[in-house]
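Peer 1: Dropping the structure in here first, questions after.
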Amino acid sequence: MGSEAALLLFSGGQDSATCLAWALQRFGRVETVGFSYGQRHHVELQARQRVRTALSEAFPDWAPRLGQDRVLNLDLLGDLGGNSLTSTAAISERPDGLPDTFVPGRNLLFFTAAAALAAQRGCRHLVAGVCETDYSGYPDCRDDTIKAMQVALNLGMNERFVIHTPLMWRDKAETWQLAHALGGDALIDLMLEESHSCYLGERQQRHPWGYGCGTCPACELRAAGWQRWRDELA
Ligand code: ZN
């Protein structure tokens, strides 16, 4: 796969930043795509640029493989409304037990838009940081959903995409472990300083596990994973 090109769905969070390192180690060219959809905060989109720049500086072997970045506008997710990531409502639970941070259709749209871009850019591989192990139970992060998506995209676009999900069966502690295996302490430091996961966009408080409010579901997962990695796996 060393000479082939990959397109990474890149949010600037810990998971997709880890996947960026994973892809840079494997593919000859790695492009990134992000999505703007009326997020409450633009902290995530800023984190994307910081992570890309910091990775290029800290890992000269990877730098020449890092290709172009695009941010595609998917404002229709904001137009649809009704969830806490694109409106000002507080995070709570839906009647079916899913957190209302779940945005119906979001990942499906992301993959469709990413695949259309990948076809244009000659990228056969799609990489995404989705995970079904401890990721709030989002149905569009399930392995079955992704496999079905791969079939639908290949049929619908007459392509032979391969979707890679290196974090699918890892919990957050194992994601820290993977980052360390890929880039050692330098990559861990980069994740702590530059990647962003907090749903509330908090960048003022620095915890041992990075920046965030410390209490939203994304911060709680990240903090617990960090603690377990330090205690058991590091
Ligand atoms: Zn938070």
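The values are calculated or read from the model by the stated rules, or taken from the named source; none is laboratory data. Only a predicted model underlies this, so the values are computations on that prediction, with no experimental measurement involved. Ideal geometry is used to build each Cβ from the backbone, glycine not excepted, and the neighbour counts take in all protein chains shown. Calculation scope for accessible area: heavy atoms of the full protein, side chains included, ligands and nucleic acids excluded. Shrake-Rupley method; radii C 1.70, N 1.55, O 1.52, S 1.80 Å.
Peer 1: Quick one: if the Förster radius is 35 Å, what FRET efficiency do Glu57 and Leu117 give, using the C-beta to C-beta distance and rounding to 0.05?
Peer 2: Once the sixth-power term is evaluated, E becomes 0.85.
Peer 1: Can you give the charge dipole size of the chain about its Cα centre, rounded to the nearest 20 debye, using +1 on the beta carbon of Lys and Arg and -1 on the beta carbon of Asp and Glu?
Peer 2: With only Lys, Arg, Asp and Glu charged at Cβ, the dipole is about 520 debye.
Peer 1: Above 25 Å lies some portion of the pair distances; for the chain, what is it as a whole percent of all C-alpha pairs?
Peer 2: Result for the distance tail: 38 percent.
Peer 1: Something else about it: Using only Cα atoms, locate the centre of the stretch 196-211 and the centre of the stretch 152-178, then give the distance between them in Å, rounded to an integer.
Peer 2: Comparing the Cα centres of the stretch 196-211 and the stretch 152-178, I get a distance of 26 Å.
Peer 1: Can you list residues from other chains, or at least 5 along the same chain, whose modelled amide H is less than 5 Å from the amide H of Leu72?
Peer 2: Under 5 Å from the amide H of Leu72 lie the amide H atoms of Gly34, Phe35, Ser36, each far enough along the sequence or on another chain.
Peer 1: In Å², and per residue, what accessible area does the chain have when probed at 1.4 Å with the other protein chains present?
Peer 2: I get 44 Å² per residue for this part.
Peer 1: I've got another one for you. Using Cα-Cα distances under 8 Å and only pairs 6 or more residues apart, what relative contact order does the chain have, in percent?
Peer 2: 22 percent
Peer 1: Based on DSSP, what percent of beta bridges with both residues in the stretch 5-197 are antiparallel, to the nearest 5?
Peer 2: Antiparallel bridges: around 5 percent, rounded to the nearest 5.
Peer 1: Something else about it: Write out the chymotrypsin sites (Phe, Trp or Tyr not before Pro) in the stretch 150-210 meeting two conditions: DSSP loop, and at most 14 other Cβ atoms within 10 Å of their Cβ.
Peer 2: Loop-located and lightly packed - Trp169.
Peer 1: If I take every Cα pair under 8 Å that is 6 or more residues apart in the stretch 107-234, average their sequence separation and divide by the length, what percent do I get for the relative contact order?
Peer 2: 21 percent
Peer 1: State the percentage of accessible surface on the chain attributable to carbon and sulfur atoms; use a 1.4 Å probe and exclude ligands, DNA and RNA.
Peer 2: Heavy-atom surface of the chain belonging to carbon and sulfur, 1.4 Å probe: 50 percent.
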